Every structure is written in C-alpha cells, then in structure tokens.
Amino acid sequence: MYNPKSLKAEEFIDHQEILDTLEYADKNKDNFELIDSLLEKAAKLKGLTHREASVLLACEDESRIKKMYDLAEQIKKDFYGNRIVMFAPLYLSNYCVNGCVYCPYHLKNKHICRKKLTQEEIKNEVIALQDMGHKRLAIEAGEDPVNNPIEYIIESIKTIYSIKHKNGAIRRVNVNIAATTVENYRKLKEAEIGTYILFQETYHKESYEKLHPTGPKHNYAYHTEAMDRAMEGGIDDVGLGVLFGLELYRYEFAGLLMHAEHLEAVHGVGPHTISVPRIKRADDIDPDVFDNGIDDETFAKICALIRICVPYTGMIISTRESKEVREKVIRLGVSQISGASRTSVGGYAEGGEEENSQQFDVSDQRTLDEVVSWLMDIGYIPSFCTACYREGRTGDRFMTLCKNRQIQNCCHPNALMTLKEFLMDYASDRTKQIGEKLILQELDNIPNEKVRQLCKEHLVDIEHNKRDFRF
Ligand code: SAM
C-alpha cells in the first residue's frame, strides 16, 4: 500500500501507485482544463505532486509544453537568479564489488585498470583541481568494503580539506558513495561533508534487481532507504537522481518525485539536489543495449518539469551532457554544473585519459576557464560559493532562505565574490575582462544596501589578496 510516510521502500515507492499514476496521466494528457490549472498552481511556486507532474509529462500539446518551459525559466530566475554553481567530481577509487550491468566498474570487468588513490595522490589531484579554480568537489568511489572502507573515505575527505595550495582551497566536499549504515553517515557528517548524493539508478524494483544482479547494491530496499538512514545520521542535505536510459522515463520521473515527497513527509525537508544523469558509453558498456534512452527533447522536458514541480531543489548536470544540451537545460532550471571533469581515477594530476580507468565518456571537454567564460557569454554568473553548509544553512534552513527569496542578498553577493577570486587567481585575460564587467553590473542587483556596500568592500579586499568572504 502506498504510504509516503512509511520507512519501507516498497511502500513509499509503491509500484502500483506508479502504475496508477501513469494511467491517470495517460487519461488526462489531453485534459487541457486540468493541465492549465496545474500550470497555474505551479506558477504560484507551490510545487506539484507526482501525479500532477506526470500529467504534464504526458501532455503532448506544443503550446502547453512551451508554457512549461517558460514557467521553468521563470522559476529559475525567481529563485536561483542567473547564478550557476561550479563543481568537479573527484574519483578516489574504482574498485567495486557490485555487478551493475551499466557501469564499467562492475566486478567482472577485467580489462579496466583498477586504481585507488593514496593520500599523496589525492593531494596531487586536489592541487590540480585548485589550480584550475575549483572550490567544490563531489567525491566518487566504487563500493568495496576492503579497498574503499569508510575510514579510507573519511581520511580522504580530511586530506582534501587540509590542502591549501597558493590561494586555493576546497571548501565543500559532496560525497557520492554507495548506500551505507547510519553509523557511517554519522561519520561523514562529522567529516563535514556538504551533500550526500546517491543515485537511485532506477525506481523499478524488478529492473533494479536485474540491473544489479550481484553485490550489496542488489538489495533494492537497502539502497532506496539510504537517504532516510543518511538523515538519521544527521546529514540533512541529500541529493537524488536516476540514471535515465535504464527504465521507462515516465516511471522514473514519478518515482523520483515520490521519493522527494517521502523525504518531505518524513523529515520535513525535501532533497537538496536532483541530478539527471543519462547513461553513457564506457569501457565494457554499450549504452545502446539499454532500450530506454531518451532524446534531448524529452530530457529537456524532464528538466523543466523537475524545476516547476520541486522549485526549492537544486538541479545538477554533469559533463555527461554536451555543451549544446547543457546550454538548453541550464535555461530550464539547472543550478549546478561540473566543469573540466575527469572521470578517471587520478585523471587531474595525470592530465590525460590514457589510462583506462574512467567511468564514462565525457561529452563536454572544455577547460574550467572556457566553461566560466561561456557561462558569462550566455548570461550567467559562474559561482564558486560554498557558504551555505559552512554557515549552517543546510536542510530546512536552506529551504527557508530559498522560500524567503533571500538568495539575492546572500547567494548573489557570494557568487560575485567567489567569481572575483577566480578572476584574480585563475582566469585568462578574456575571462577576466568579461568577469570584471559582469561583477560591476551585477552589484546593482543586490537588493539590501548594507550587503551591497559590504560586498563592494570585500571585492576590494580580494584585490588585496584576501580570500574567503561570505554572507
Ligand atoms: N558506487 C556508488 C554507488 O553505488 O552509488 C556511486 C558512485 S558512481 C561512481 C556514480 C554514478 O555514476 C552511479 O550512481 C551511476 O548512476 C553513474 N554511472 C554508472 N555507469 C554509468 C554510465 N555508463 N554512464 C553514465 N553514468 C553512469
């Protein structure tokens, strides 16, 4: 029986409820009266339920789809302004005991080069990342209790935070590791991680079990209930995601929103972020084997609908997507993107991808400086801000900031100050020129006069080589 408040995976992601939802959506896909009323509701920033959202996803009427896109753009502007937060993944180890059939790290893959970074190697990776200008990382590792135990992950996080190379610093480490115990989540919290990210891969239990035939990840309930354990362990910023391409996208979309509703119902706070990875070619993996791939148009529609259905949740897009696709979906509500990513273990310090250890092919191969100047060219402010969790604004406190529209007095000046740091320390001449002009213009968009004044003073301080200011 469907129950969003239940702590049992099969009850808060109830299969029958998803099937009923899809049937309801099919029945109402041409019910324009209902669809218009849903768009009106969404425009009031109240969010939409999984059933309502699924009707919009099923709708094929061009003019209404355009309205969905326009609304997504509007909500993005209202809540998130024109800032895009930058991050990079850091692969620590690709040892893995699971059998995930879509992932090149799967245990049976004997031709991938297995690697686990030593603390010294992590230091080199972090220096390379700092030298590009990154301040925020997402660490990634395969699941392997012997090679990658929680102690290794914690030690690595400490190493990452400890490195201060020139003016560089990693100020926020998000973590994408396999589902684990409450006790381990508590350790991650104590190690001061930002968001705990775990992709569900698919919400369809039967497919999930087939796609994860062996290893601890085979356990659907343990995986699906991970966010509840993370929250019990004190982590209140969690990031959801499904790997699009594995199952029917309409099923996944409903499941994703049900998961968000569950977190809100039980913990009083929805997911901090939602990621939208699509399956990619990789060593030993041919994405065409999976028949549920979605085209760019459907992908864009999903992004737009996530934006209007959960307006307070950040949306992340990785370099799995090309520059063109990224440009399209950034407009529709994405708030964080990765730049200059390497998905191989040790890929930053090595500077190449020669070694066969990467997780998937990267579509966007540009440098961070190129991504930063591109974002500014298309009207966005690249932000290296990491202030929220450092100021204790996690979970519902971040949501409150968002709901009270204080982002313009907080995230906006933080974006300008961290962009200024990037311009001073890492940018090319062209990027610097565009950036300085942009900062001057954007200062006027800080509503609170006191904050604006203080921000101006800090910008001068940054020119005098002081760092790390935040509101
Ligand atoms: N091992 C961890 C776990 O079990 O959740 C997470 C780390 S894994 C390095 C990060 C994510 O990459 C996975 O959750 C999966 O969704 C995604 N991934 C795996 N294979 C992929 C592929 N071929 N193309 C795109 N994404 C892939």
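The values are calculated or read from the model by the stated rules, or taken from the named source; none is laboratory data. Since the model is a prediction, treat every value here as computed from it, not as a measurement. Here Cβ is always computed from backbone atoms with ideal geometry, including for glycine, and neighbour counts include all displayed protein chains. Quick note on the areas: whole protein, heavy atoms, side chains included, nothing else; ligands and nucleic acids left out. Shrake-Rupley method; radii C 1.70, N 1.55, O 1.52, S 1.80 Å.
Pairs are defined by a Cβ separation below 6 Å, a sequence spacing of at least 6 or placement on different chains, a first member in region 239-266 that is closer than 16 Å to residue 204 by Cβ, and a second member that is basic (Lys, Arg); the pairs so defined are 244/278; 245/278.
Only one of these is open to solvent by 20 Å² or more (accessible area, probe 1.4 Å) and β-branched (Val, Ile, Thr): 394, 367, 343. Name it.
Values: 394 fails: open to solvent by 20 Å² or more (accessible area, probe 1.4 Å); 343 fails: open to solvent by 20 Å² or more (accessible area, probe 1.4 Å).
Exactly one of 394, 367, 343 is open to solvent by 20 Å² or more (accessible area, probe 1.4 Å) and β-branched (Val, Ile, Thr), namely 367.
Restricting attention to region 397-428, the residues being open to solvent by 20 Å² or more (accessible area, probe 1.4 Å) and small (Gly, Ala, Ser) number 2. Only one of the numbered conditions (1) open to solvent by less than 10 Å² (accessible area, probe 1.4 Å); (2) within 16 Å of the ligand (Cβ to nearest atom); (3) not hydroxyl-bearing (Ser, Thr, Tyr) is not met by residue 135, and that is (2). When 341, 357 are checked against the criterion of being in contact with a Pro (Cβ under 6 Å, 6 or more places away or on another chain), touching a residue at least 12 places away in the same chain (Cβ under 8 Å) and not aliphatic (A, V, I, L, M), a single residue qualifies: 341.
Residue by residue, here is whether (1) more than 18 Å from the chain's Cα centre (by Cα); (2) surrounded by 18 or more Cβ atoms within 10 Å (Cβ to Cβ); (3) more than 16 Å from the ligand (Cβ to nearest atom); (4) among the basic types (Lys, Arg) holds:
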{"site": "222", "(1), (2), (3), (4)": "yes, no, no, no"}
{"site": "265", "(1), (2), (3), (4)": "yes, no, yes, no"}
{"site": "274", "(1), (2), (3), (4)": "no, yes, no, no"}
{"site": "280", "(1), (2), (3), (4)": "no, yes, no, yes"}
{"site": "286", "(1), (2), (3), (4)": "yes, no, no, no"}
{"site": "305", "(1), (2), (3), (4)": "no, yes, yes, no"}
{"site": "316", "(1), (2), (3), (4)": "no, yes, no, no"}
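Tell me the residue from 170, 193, 235, 160 that is part of a helix (DSSP H, G or I), open to solvent by less than 30 Å² (accessible area, probe 1.4 Å), on the phi < 0 side of the Ramachandran plot and of a type outside the set (Phe, Trp, Tyr), please. Step through it out loud before you land on a result.
On the way: 170 fails: part of a helix (DSSP H, G or I); 193 fails: part of a helix (DSSP H, G or I); 235 fails: part of a helix (DSSP H, G or I).
Result of the check over 170, 193, 235, 160: 160.
Residues 154, 127, 112: which one is of a type outside the set (Lys, Arg) and within 30 Å of residue 423 (Cβ to Cβ)?
127
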